[in-house]
1. Sorted by average packing, counted as other Cβ atoms within 10 angstrom per residue and highest first, what order do 114-127, 229-242, 26-39 take?
2. For Ala200, enumerate residues with amide H under 5 Å from its amide H, sequence gap 5+ or separate chain, H modeled in the peptide plane.
3. Among Val206, Pro178, Leu196, which residue has its Cα furthest toward the positive end of the charge dipole of segment 164-279, with +1 on Lys/Arg Cβ and -1 on Asp/Glu Cβ?
4. Rounded, prolate or oblate: which one fits segment 1-152, using the alpha carbon gyration tensor with axes a ≥ b ≥ c (rounded when a/c is under 1.5, else prolate when a/b beats b/c, else oblate)?
5. Which shape class applies to segment 122-244: rounded if a/c is under 1.5, otherwise prolate when a/b exceeds b/c and oblate if not, where a ≥ b ≥ c are the square roots of the Cα gyration tensor eigenvalues?
6. What does the extension gain come out to for Lys276 and Thr158, with contour length at 0.36 nm per residue minus their alpha carbon separation?
7. Looking at Tyr76, Pro49, Gln119, which one has the Cα that reaches farthest to the positive end of the dipole of the chain (charges on Cβ: Lys, Arg +1; Asp, Glu -1)?
8. Against the longest alpha carbon principal axis of the chain, how many degrees, from 0 to 90 and to the nearest 10, is the axis of helix 93-106 turned?
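Read-outs throughout are calculated quantities, based only on the coordinates presented, and are distinct from any laboratory measurement. Remember, it's a predicted structure, so these values are computed and weren't measured experimentally. Every residue, glycine among them, receives a Cβ derived from its backbone with ideal geometry; neighbour counts consider all protein chains shown.
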Amino acid sequence: MVFLRSKIVKNESYSYLVKSKWDSKRKTSQQETIKYLGKTTDVTLEDIPDEYRNEPNIVSFLSSNKNLDIKKNEKYIMKTRKNMRKFLIAGDLKNAISIYTNYTKQSSIGKFYDEILRQVMYDIGELWNKKKLDVGDEHVASNTALHLIEKIGTKPKTKNKGKTILICTPEGEYHAIPCFMIETYLLLNGYNVINLAPSAPSNSIVNHIKERKPDLILISVTLKDHINSCNRLIKNIQKFKAPIIVGGQALQDENTLDNVKTFNNIGMFELTKMIKEEIY
């Protein structure tokens, strides 16, 4: 049996992960300390070794302790981001999947994208921009993130809504990971998705809109250098009836786009709410 044992030191509670073992000679149980966990109020799921996280006593402790709101605990989120960044840069898909699996036991896929993966990929991009990360390491991290997103996309989907979303980027915009995150999230929530990212030529996007007649067009633009290209794309596709939504990091400081709905730094749930408002 595995459980948490607390010890009070100077009015502060500290916790240990303990295993109870039967001593056949003494015919009694003995306690063996597995790991020191630190302050009880700071303990999170990430502090518990993988093999013990589903133990009933551990699950009960984490769910009943009011100080441990796993979804909002900043320490837990920061530690999870740090580990995810390390595993992505190392190309360690197995451990990246493990982090995702453990995080979504306490939270949703949308929250994992919003709170963990999106921020981690931004941090990796900043490290590369500041020449603190080799371009090869950045490529490994991006490719591992794409494999992780692909794995997430294999989860069972909800009932199909009969609505189709076309996702694309302006020509020249090669940052596609946001598009793939949005694609999997929408697919899991019952939408049909046509993903043309990254950097499909404008005429190709126009042809797909003509042939597939999507209910909404979603454009992702990460770099400000591609705002002008994005405006040209918008002008080419505004003749179609489908509403257009544009979002991405490039819109962080200002909106220089014409006659379209825009978003920046909103969560997956908020984005799907915006999509529903446009197509229903």
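1. 114-127, 229-242, 26-39
2. Thr169
3. So the residue furthest toward the plus end is Val206.
4. Note, shape of segment 1-152 comes out prolate.
5. Since a/c reaches 1.5 but b/c is at least a/b, the shape of segment 122-244 is classed as oblate.
6. The span from Lys276 to Thr158 would gain 40.9 nm if fully extended.
7. In the chain, that residue is Pro49.
8. Compared with the principal axis, the helix lies near 80 degrees.
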